[in-house]
Each structure stands twice: as C-alpha cells, then as structure tokens.
Amino acid sequence: MRNFIKIINNIYFSLNFYSIFLIITCIPDFLNLNSVIFVNIYWVTKVALALFVIYYNFSRQSNKKIIITIFYWIVIVYVINIFIDVFLEYEIEFNNLYNIHGERDLLGFILGIIIAISFKNYNQIYNRNSFNVFYVTLFIGLFIAYFTSKENFSLDTSTIRFDANSTINSIVYGQLGCALCIVSIYALINFSVDYKRKILFVACFFLGLLSIMKASSRSPLAVIVIVNLFYLFSNKGFVKSLVLLLVFFIAIVVFINPFMDFFSEVLDSNLATRTARVFSERETSGRDEIYSNTYKLIQENFLLGSYYIIKSGPGIGSYPHNYILEVFMTNGIVVGILFLIVIFYSLMTSYKIIKMSHPATWVILLYLQTLVYGMFSSSLYSAQDFWALLLFTISLSIYNLKIINKEDKYQQEMRVSIVT
C-alpha cells in the first residue's frame, strides 16, 4: 500500500494536468484508432484515483476556512444553474444548431469538481518527484507532438495552425508549450544544478516556445509575460524586477524581428503575423464583440444570471472567453462578487508562497497560468485544471511567520500547510 501511495504522489499532478494525457492521446494516432476509448479510460482512471485520494484523506479534520466554504457555495450554485439550463430550459433546435451537449458539459463540470476536491486534501502534489514526473512527461509529450502535429483548418482558415494531435487542439497545444516555458524558467532560477542541466532547462524552454509557434496561439505569449511578471515582483522585489524588465525589453527590441522572421520562415508559423495584427489592426479574433455582448447579457439578467453559454448576439453558442464575465453571466451578481473574492484571496496567497520561495511555487505558477489563460481562451464549465488549482491554492495556510531583518524578508523556514 505504501508503494502504491508513493506512486500516486508522484504521478497525480501529471495525470490531471495534461502531460500524461498528451502522451496517451498520441497512441491512437499512431495506431489509426479512435481516440474516444483512450480518452474515456483516461477520465475513468482520473476520477477513480480522485475518489481514492478523497477517501484516503477523509479521516483528516475538515477545513474550517471561510474561503473554502465560499468556494463550495459558488460550485453548488454553478451546478444548479447549469442543471436548470440543460434540463429545464432545454431548446433542442438551439442545441442542435450550435452543437451544444449540455448533459456532457454538466457531467464534465461535476467530475472536474470531484478532482478539485481531491487536490484540497493532497499535500504531496508539489514534491520534487511530482515536479520531475510532470516536467519529463510534458517534455516527452511536446517532443512527440512537434513531429506528429496536425494542421488545423477549423479555427482560422487564413493562418496556419497545428493541433498537437487529433484530440488536443491548437489552443490547448499552445498552453502546454506555455506550461513548459513557465516551469523551465522556474527550474532555471531555483534549482541549484550544474550547467549541463541548466542548458537542458533552456532547451526545454525553447521546445515550449516551438510548440507555441506551431500552435500559432497568441494567448500563451501574454500568459508567459503576465505570470513571470507576477513571479518577479513577488520573489525578487520591485527594484530587481524593474532592472530585469529593462534588460528583457531591450532584448525584445534588438532581437524581435530576426526572431519572428526565423519562426515564420523556418517553422512556417503565422504567430508573428497574428501578433502583429493585434497592434496594427487591433485584431482580437472577435473577443471585443463577444465581451461587449456578454456584458449586455449580464445587464439584462443582473441578479440571477442568464445561461451558461451565450444565447444571442456575437459568440452565440459559445462561452464568453473570460472567467469573470462568464461567472456573472451564468450566476448573477452575488456569485460573481463571491468569485472575485476567492480569486483575490488566491492571488494574495500566491504572492506569499512565491515570496518565500516555497517548493509549491511551481504549482502556484501553473495556477496563475490557468487563471490568466481563462481571461482569453477558456470556459469555467470545462476548466477542470483551474478549479483544482484554485482550491489547492486557497487551501494553503501560512503560519509561523517570522521577521529576521529590517527589510522584513520572510525566513526561509516559513511553513505552509494544506488545511484539511
């Protein structure tokens, strides 16, 4: 039993955050099989292990933090609202026209919350072995995907974009590359290793960047910048961060054109063109129209919310592409405000964890990635990774805080626990 628990401790994070999934979904493509069976087996395994983890930690004292209670209330109301939308306000013509599968969305959301609850009780997901498994499996998956990726013609017919495989589309592919970039930067800064391993971290960073380029997805670039800015200001302080930002800005000015030309010509990536259009043509893939329409829907159903997807106007049949707008649109003003409170609390906790250079920092950085990404290209009802990392983050409690000098720096022996 101990060996089984040890294995779970090491692979649980990777199993739930796409690195192992990326490798698994390559198999049916190699064998020319339908990926549905593989995906279903994968989800059954995830949920079964989540239930095991919840059961294994059930004997621990329940969490008394108010913020956890708020989280659960948000989730309960969310489930009720999606249930009402799917079963009581069902419109068969609308669903068929826009290919909406409400029952599947509801089931996926509930299963995602079960997985999230398992993370609240699991204080081993950030250990070094867990990091190593995640890092290696993500590298292997992206390395395979680089050579087996498939061109995507559905998202944007005017640009060249690649899916990781027949299951993982270009948007998720880009975020997987983004995750490898983020954890590579973290490892490069924090792990005291020989220069050979540092070179390996740099190589992995560029593999992540290559994956983003092949996906031609712009949001990962914004995510990398925002997450690392948060990390720098939290961990290095204001002055050091400004110096590093200045160096980074100069490097961008000097190398951006040849760098983008290289990727455009050698990799046949349109990311440079798509990014340039944001500034030259204010091209947002219709996000501005969707945001404006969602805001109108929120105003029309201010108190209780309207529907879990957009029912009319720009973006109809889709999601708002912004977590904050989505939670207000689906659940109304009260749940929306509670959601903002939970997000603010999670950011404060993230700041403290990063500031003290705690081993959980790499998980926190990936949480920040899911949060920022959710403001551009994701939906709350399908964001299993976001809900799990949000609950993990707000479950962290910092105690035994000591001031050791006049600069009010935190002692490295500060402790962090998961309150359960």
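Within segment 172-213, the residues that satisfy the criterion of being more than 16 Å from residue 138 (Cα to Cα) and of a type outside the set (Gly, Ala, Ser) are 188, 189, 190, 191, 193, 194, 195, 196, 197, 198, 199, 213. Residues of segment 137-159 being of a type in the set (A, V, I, L, M, F, W, C), surrounded by fewer than 20 Cβ atoms within 10 Å (Cβ to Cβ) and modelled with pLDDT of 90 or more, which ones? Matches in segment 137-159: 139, 140, 143, 144, 147. The criterion of being under 25 Å from residue 182 (Cα atoms) and either modelled with pLDDT under 95 or more than 18 Å from the chain's Cα centre (by Cα) (or both) does not hold for residue 329. Can you spot a residue in segment 34-44 that is in a loop (DSSP other than H, G, I, E, B), modelled with pLDDT under 90 and more than 23 Å from residue 361 (Cα to Cα)? Scanning segment 34-44 turns up at least one residue that is in a loop (DSSP other than H, G, I, E, B), modelled with pLDDT under 90 and more than 23 Å from residue 361 (Cα to Cα). Flag set for residue 343, criterion: under 19 Å from residue 393 (Cβ atoms) and not hydroxyl-bearing (Ser, Thr, Tyr).
Scanning segment 181-189 turns up no residue that is buried (at least 24 other Cβ atoms within 10 Å of the Cβ), within 23 Å of residue 375 (Cβ to Cβ) and in contact with a Cys (Cβ under 6 Å, 6 or more places away or on another chain).
Evaluate segment 216-229: report whether one residue or more is surrounded by fewer than 16 Cβ atoms within 10 Å (Cβ to Cβ) and over 15 Å from the mean Cα position of the chain (by Cα). So far as segment 216-229 goes, yes, one or more of its residues are surrounded by fewer than 16 Cβ atoms within 10 Å (Cβ to Cβ) and over 15 Å from the mean Cα position of the chain (by Cα). Residue count for segment 364-420, restricted to those that are among the hydrophobic types (A, V, I, L, M, F, W, C), at pLDDT below 85 and part of a strand (DSSP E or B): 4. Can we say residue 324 is touching a residue at least 24 places away in the same chain (Cβ under 8 Å), part of a helix (DSSP H, G or I) and under 24 Å from residue 104 (Cα atoms)? Considered against the rule, which asks whether it is touching a residue at least 24 places away in the same chain (Cβ under 8 Å), part of a helix (DSSP H, G or I) and under 24 Å from residue 104 (Cα atoms), residue 324 comes out as yes. Summed over segment 13-33, the residues that are touching a Ser or Thr at 6+ places or on another chain (Cβ under 7 Å) and assigned to a helix (DSSP H, G or I) give a count of 8. Annotation note: Cβ proximity below 7 Å between a residue of segment 223-235 that is under 19 Å from residue 376 (Cβ atoms) and a residue that is of a type in the set (S, T, N, Q) (sequence gap 6+ or interchain) occurs for 223/369; 227/369.
Would it be correct to say that residue 134 is more than 13 Å from residue 14 (Cβ to Cβ), out of contact with any Cys (no Cβ under 8 Å at 6 or more places or on another chain), crowded, with 22+ Cβ neighbours inside 10 Å and among the aromatic types (Phe, Trp, Tyr)? Considered against the rule, which asks whether it is more than 13 Å from residue 14 (Cβ to Cβ), out of contact with any Cys (no Cβ under 8 Å at 6 or more places or on another chain), crowded, with 22+ Cβ neighbours inside 10 Å and among the aromatic types (Phe, Trp, Tyr), residue 134 comes out as no.
Evaluation of residue 358 against the conditions (1) surrounded by 16 or more Cβ atoms within 10 Å (Cβ to Cβ); (2) touching a helix residue (DSSP H, G or I) at 6+ places or on another chain (Cβ under 6 Å); (3) modelled with pLDDT under 95 shows that the sole unmet condition is (2).
Pairing each residue of segment 18-33 that is closer than 23 Å to residue 384 by Cα with any residue that is surrounded by fewer than 18 Cβ atoms within 10 Å (Cβ to Cβ) and hydroxyl-bearing (Ser, Thr, Tyr), provided the two are 6+ apart or on different chains, yields C-beta distances under 7 Å for 21/42; 24/42; 26/148.
The values are calculated or read from the model by the stated rules, or taken from the named source; none is laboratory data. Quick caveat: nothing in here was measured; it's all calculated off a predicted structure. All Cβ positions, glycine included, derive from the backbone under ideal geometry; neighbour counts span all protein chains shown.
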